[in-house]
1. Can you send over the solvent-accessible area of residue 21, 1.4 Å probe, protein chains only, in Å² to the nearest 10?
2. Using just the helices of the chain, give the 222 nm mean residue ellipticity in deg cm²/dmol: DSSP H runs with n ≥ 4 each add -39,500 (n - 2.57), and the total is spread over all residues, rounded to 500.
3. Would you work out the charge dipole size for segment 24-147 about its Cα centre, treating the Cβ of every Lys and Arg as +1 and the Cβ of every Asp and Glu as -1, and quote it to the nearest 20 debye?
4. Which order do 89, 111, 144, 55 take by accessible area at a 1.4 Å probe, largest first?
5. What number comes out for accessible area per residue over the chain if the probe is 1.4 Å? Units Å², please.
6. Return the sequence-ordered ³J(HN,Hα) values of segment 87-95 in whole Hz as given by the Karplus equation 6.51 cos²θ - 1.76 cosθ + 1.60 applied to θ = phi - 60°, using x for Gly and Pro.
7. Along the charge dipole of the chain, which of 146, 113, 62 sits closest to the positive end, that is, farthest toward it, with unit charges on the beta carbon of Lys, Arg, Asp and Glu (+1, +1, -1, -1)?
8. So how do 114, 60 rank on accessible area, 1.4 Å probe, biggest first, that is with the largest at the start?
Amino acid sequence: AAPGATAGTDPARAAAPPTLDFTARTIDGGSFAGSSLAGKPAVLWFWAAWCSRCRGVADEVAAVQRDNATRVNLIGVAGLGSGTAAMRRFAAETGIAGFPNLADDEGAVWRRFEVTSQEQYVLLDSAGKVVHSGPLSQADLRKRIAELS
């Protein structure tokens with residue numbers, strides 16, 4: 001084995017594309033590795049706890065995640081000065097606690113994906129390539145997810 005290699009290392013994780021080379025804290029205080037998204041299409045939903053538009057679509061985003069959970073990773077990315085307590089409250093009140101939500105008030109993940117305003121989506125194919133970045137209606141979100149490979 002190569003120096004520093006560990007027996008049983010997951011080769012998919014080792015081969016994570018640069019877009020997924022990040023770590024973040026979840027709203028419940030856990031740790032999240034972007035590399036865990038490698039090998040499967042992903043949707044990053046950027047939201048803010050104070051955003052009424054985000055609150056208005058949260059239930060549908062949760063339904064999209066449930067309907068596509070076996071083939072697509074959906075991750076929420078909260079930020080823009082939301083505050084952890086408000087992020088947790090938003091997740092509990094809107095039904096999005098069933099999938100990981102990142103607490104990114106410092107904006108590291110937002111900057112990584114060049115997102116500048118809330119209620120936007122970044123869609124990644126299974127190779128970690130960004131195939132969409134920007135707003136989407138819920139119907140268009142479902143259509144784009146169906147096309148992801």
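The values are calculated or read from the model by the stated rules, or taken from the named source; none is laboratory data. Quick caveat: nothing in here was measured; it's all calculated off a predicted structure. All Cβ positions, glycine included, derive from the backbone under ideal geometry; neighbour counts span all protein chains shown. Please note that ligands, DNA and RNA were not included when accessible areas were found on the heavy atoms of the full protein model with its side chains. Shrake-Rupley method; radii C 1.70, N 1.55, O 1.52, S 1.80 Å.
1. 110 Å²
2. Taken over the chain, the calculation gives -9000 deg cm²/dmol.
3. Numbers: 14 positive and 13 negative charges, 34 e Å.
Using only the charged Cβ atoms, the result is roughly 160 debye.
4. Working: 89 130, 111 160, 144 70, 55 105 Å².
Sorted descending by solvent-accessible area, the residues read 111, 89, 55, 144.
5. Details: 7360 Å² over 149 residues.
The answer is 49 Å² per residue.
6. These are the phi-based 3J(HN,Hα) values: 4, 4, 4, 4, 4, 5, 6, 9, x Hz.
7. Checking the options against the dipole of the chain, the answer is 146.
8. Numbers: 114 155, 60 65 Å².
Correct descending sequence by accessible area is 114, 60.
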